[in-house]
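Right, one structure below, let's go through it.
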Amino acid sequence: MTDKTKKTAAEAENIKNGLLIIVSGPSGVGKGTVLKELRNADPNIVPSISATTRKPRKGETDGVNYFFKTESEFDLMIERGEFMEWAVFSGNRYGTPRAYVSDNLNSGRDVLLEIDVQGALKLMNDGAEGIYIFIAPESLDVLRERLRGRGTEDEAEIERRVKAAEWELTQKDKYDYVVINRVVSDAAAEIENIIRKSKKQEK
Ligand code: 5GP
């Protein structure tokens, strides 16, 4: 027998034709680049745009990279139940808008959530159906160098993110797949294969 309560919750979250693809990985692992390549290869994939209380980085645009919110705007979104999940990461809040995700899934599009580990674990616990993929770095040293190289965070923030990564890596085996990002095009191709395989299994 299946657990009916759990299934109903999952269905309510996720009545769908499209596939929900949940990707996590430490900050600086190169998720953005890998996922961009994946989306170029598969235009049916719609990236979800999260809301965050983090300040925009140089070059980021509201409504494109994130919906940038004040603390009280974010509070209101929580109160209204607008998030599928939300979490605090490195002192800022990030949340996945429920309506955007379910509208796209219901229209048959695959939706990509690039969210932190806490958020992904919440979705797993809620029984949200999808494929859960963790992108891992070759090592924490490589990760630290990448964070330094992109030059968007100061040293203290880099160390906070490396510390967060240490914990995140302890959770990777809870995901359906772990992909190590050594070469961007290889990691993107690996994820493409995973998606293709999941779709075949769904049929
Ligand atoms: P960044 O500040 O580097 O843009 O993002 C920091 C972390 O927050 C990343 O691990 C990113 O995947 C995660 N994140 C972005 N949007 C969401 C979201 O909607 N929910 C959760 N739980 N994490 C998110």
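The values are calculated or read from the model by the stated rules, or taken from the named source; none is laboratory data. As the structure is a prediction and not an experimental result, all values here were calculated from the model. Counting neighbours? That spans all protein chains shown, and the Cβs are built from the backbone with ideal geometry, glycine included. All accessible areas refer to the heavy atoms of the entire protein, side chains included, with ligands and DNA or RNA removed. Shrake-Rupley method; radii C 1.70, N 1.55, O 1.52, S 1.80 Å.
For region 31-61, give me the residue count where each residue is of a type outside the set (Lys, Arg) and farther than 19 Å from residue 89 by Cα. Residues in region 31-61 being of a type outside the set (Lys, Arg) and farther than 19 Å from residue 89 by Cα: 15 in total. Confirm whether residue 106 is open to solvent by 60 Å² or more (accessible area, probe 1.4 Å), without any contact (Cβ under 8 Å) to a residue 40 or more places away in the chain and not hydrophobic (A, V, I, L, M, F, W, C). It is false that residue 106 is open to solvent by 60 Å² or more (accessible area, probe 1.4 Å), without any contact (Cβ under 8 Å) to a residue 40 or more places away in the chain and not hydrophobic (A, V, I, L, M, F, W, C). For region 132-145, taking the residues that are touching a residue at least 60 places away in the same chain (Cβ under 8 Å) and farther than 18 Å from residue 89 by Cα, the one that is surrounded by the most Cβ atoms within 10 Å (Cβ to Cβ) is identified as 133.
For region 146-192, which residues satisfy the criterion of being assigned to a helix (DSSP H, G or I) and loosely packed, with under 11 Cβ neighbours inside 10 Å? Matches in region 146-192: 149, 155, 156, 170, 173. Only one of the numbered conditions (1) out of contact with any strand residue (DSSP E or B) (no Cβ under 6 Å at 6 or more places or on another chain); (2) within 9 Å of the ligand (Cβ to nearest atom); (3) within 30 Å of residue 156 (Cβ to Cβ) is violated by residue 78, and that is (2). The requirement of being open to solvent by less than 60 Å² (accessible area, probe 1.4 Å) and within 12 Å of the ligand (Cβ to nearest atom) is not satisfied by residue 88. Within the option set 43, 56, being farther than 28 Å from residue 167 by Cβ and either open to solvent by 40 Å² or more (accessible area, probe 1.4 Å) or under 12 Å from the mean Cα position of the chain (by Cα) (or both) holds for one residue only, 43. Would you pick out the residues in region 109-133 that are more than 11 Å from the ligand (Cβ to nearest atom), touching a Phe, Trp or Tyr at 6+ places or on another chain (Cβ under 9 Å) and not in a helix (DSSP H, G or I)? Across region 109-133, the qualifying residues are 111, 131, 132, 133.
Among the criteria (1) open to solvent by 50 Å² or more (accessible area, probe 1.4 Å); (2) of a type in the set (Asp, Glu); (3) modelled with pLDDT under 95, the one residue 75 does not fulfil is (3).
Within region 48-69, the set of residues being among the β-branched types (Val, Ile, Thr) and more than 11 Å from the ligand (Cβ to nearest atom) comprises 61, 64.
Any residue in region 180-203 that's within 19 Å of residue 113 (Cβ to Cβ): show its pairings with residues that are open to solvent by less than 90 Å² (accessible area, probe 1.4 Å) and charged (D, E, K, R) at Cβ separation under 6 Å, as long as the two are six or more apart or on different chains. The qualifying pairs are 188/37.
In a residue-by-residue description of region 9-26, the property of being polar (S, T, N, Q), buried (at least 18 other Cβ atoms within 10 Å of the Cβ), within 28 Å of residue 192 (Cα to Cα) and at pLDDT 90 or above applies to at least one position. Pairs meeting the criteria (first residue in region 55-75 and farther than 17 Å from residue 150 by Cα, second residue at pLDDT 95 or above and open to solvent by 60 Å² or more (accessible area, probe 1.4 Å), beta carbons under 6 Å, at least 6 apart or on different chains) are 68/56; 68/62.
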